[in-house]
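Just below is one structure, and these are the notes that go with it.
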Amino acid sequence: LPLCFPEKLWKMLESDQFRSIWWSEGGKCVAINKDLFEMEVLGREVCQRVFNTRHIKSVVRQLNAYGFTKMQRNFQRSASLPEFLAEEAAASAHSQILYYYNPSFNRAHPWLLGTCKRR
């Protein structure tokens, strides 16, 4: 069976294959380096695509459809060193970082993934 959007997102976050997307805020938020994500994930050949789109707007639409809300980056920096360094590197590159939160999408509570349903 093909994976649904939240499952694909989770697998990407847990994989070390992608540098454009990571867990932020101790695993409570998804951070996406927009420019890198467009090249690394959406720019793939058809046979290697994770999502059936080449447009970041479509991915954002999916995030919204599954109950994710966009967060402003005015909350505390990440506590873990790898997360902090990834965020700092992305910010210093003047890339746009998008942060999304869903209470049912939390790295510490993988069993909640099943409750992430399309609206």
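The values are calculated or read from the model by the stated rules, or taken from the named source; none is laboratory data. All values derive from a computational prediction rather than experimental measurement. Every residue, glycine among them, receives a Cβ derived from its backbone with ideal geometry; neighbour counts consider all protein chains shown. Accessible surface is based on the protein model in full, side chains and every heavy atom, while ligands, DNA and RNA are left aside. Shrake-Rupley method; radii C 1.70, N 1.55, O 1.52, S 1.80 Å.
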How many residues does the range 10-42 hold that are over 17 Å from Glu83 (Cβ atoms) and either among the aliphatic types (A, V, I, L, M) or open to solvent by less than 20 Å² (accessible area, probe 1.4 Å) (or both)? 3
List the residue pairs whose Cβ atoms are under 6 Å apart, where the first residue sits in the range 47-61 and is free of Cβ contacts under 8 Å to residues at least 40 places away in the same chain, the second is among the acidic types (Asp, Glu) and outside any loop (DSSP other than H, G, I, E, B), and the two are 6 or more positions apart or on different chains. Ile56/Glu38
Write out, first by first residue and then by second, each pair whose Cβ atoms fall under 6 Å of each other, whose residues are 6+ apart or on separate chains, and whose first residue, in the range 100-116, is aromatic (Phe, Trp, Tyr) while the second is in a loop (DSSP other than H, G, I, E, B) and buried (at least 16 other Cβ atoms within 10 Å of the Cβ). Tyr100/Phe68; Phe105/Cys116
State whether one or more residues within the range 43-56 are open to solvent by 30 Å² or more (accessible area, probe 1.4 Å), within 12 Å of the chain's Cα centre (by Cα) and closer than 15 Å to Gln96 by Cβ. no
